[in-house]
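Everything below concerns the one structure shown next.
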Amino acid sequence: MAKQDLYANRPADVSFVIDSLLALSEASDSFFHQTIDGERIGVTGHSFGADTTLMASARDPRVDAGLPLASGAIVPAEEIARIRVPMMIPGGSRDTLNPIEEWGEHDYAALNPPRYLVAIFNMGHFGFSNECIRPIDPCDDPTTLT
């Protein structure tokens with residue numbers, strides 16, 4: 001399967017997971033029995049997963065809110081404009097992979113209200129995953145951060 005196919009299939013994958021978890025919540029022999037509220041579904045993902053969050057939120061009417069972390073402006077503005085649920089786009093002020101000033105603001109501008117754009121001071125791209133990958137991300141001693 002080509003990389004672009006994997007990307008294109010991600011929203012359907014999210015819908016499949018929602019279907020599966022809702023079914024498990026209905027099954028009396030399931031660990032998840034009666035634990036999932038199908039009326040309150042949120043989606044989140046980091047980086048490439050943030051773009052998946054946006055696409056799934058635009059395509060699956062069961063999604064009630066989204067939290068795309070460090071989004072990458074891959075999703076066309078026309079698709080983002082179809083989202084009608086609350087979205088918060090957080091990003092690091094030191095993210096050099098997906099700069100919030102560029103890509104987060106692109107996604108924010110295309111969203112309908114309610115929408116939120118949050119810049120987290122002195123955080124790089126991998127701050128959401130508590131990861132430090134040099135030289136991609138600023139991982140220096142916090143006392144040296146500017």
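Computed from the coordinates by the stated procedures, all read-outs in this text should not be read as laboratory data. Owing to the predicted nature of the structure, the values given are computational and were not obtained by experimental measurement. Using ideal geometry, Cβ is built from the backbone for each residue, glycine included, and neighbour counts are taken over all protein chains shown.
Both the radius of gyration and Dmax for the stretch 1-83 are 13.8, 43 Å, in that order, over alpha-carbon atoms.
Evaluating 6.51 cos²θ - 1.76 cosθ + 1.60 at θ = phi - 60° for every residue in the stretch 26-42, the Karplus couplings come out as 7, 6, 5, 9, 8, 4, 8, 3, 6, 10, 10, 8, x, 8, 9, 10, x Hz, glycine and proline recorded as x. For the stretch 1-74, the list of trypsin sites (Lys or Arg not before Pro) that fall in a loop by DSSP and count at most 11 other C-beta atoms within 10 angstrom reads Arg40.
For Gly72, what charge total do you get from the other residues with a beta carbon under 12 Å from its beta carbon, if Lys and Arg give +1 and Asp and Glu give -1?
Once all neighbours under 12 Å are counted, the net charge is -4.
Once the chymotrypsin sites (Phe, Trp or Tyr not before Pro) in DSSP loops with at most 14 neighbouring Cβ atoms within 10 Å are cut out of the chain, the longest remaining piece is 33-120.
Classify the stretch 57-136: rounded, prolate or oblate, from the alpha-carbon gyration tensor (a ≥ b ≥ c, eigenvalue square roots; a/c under 1.5 rounded; otherwise prolate if a/b is larger than b/c)? Judged from the Cα gyration tensor, the stretch 57-136 comes out prolate (a/c at least 1.5, a/b above b/c). Taking each residue as 0.36 nm, the span from Ala23 to Asn9 lengthens on full extension beyond its C-alpha to C-alpha distance by 2.9 nm. Here the extension length gained between Thr35 and Leu97 equals 18.6 nm, from 0.36 nm per residue of separation less the Cα-Cα distance.
Report the paramagnetic label zone for Leu117: residues of the stretch 56-97 whose backbone N is under 12 Å from a point 7 Å from Cα along the Cα-to-Cβ axis. Within reach of a label on Leu117: 89-91. Taking every alpha-carbon pair in the chain and binning the separations at 10 Å intervals from zero gives 12, 37, 30, 17, 4, 0 percent.
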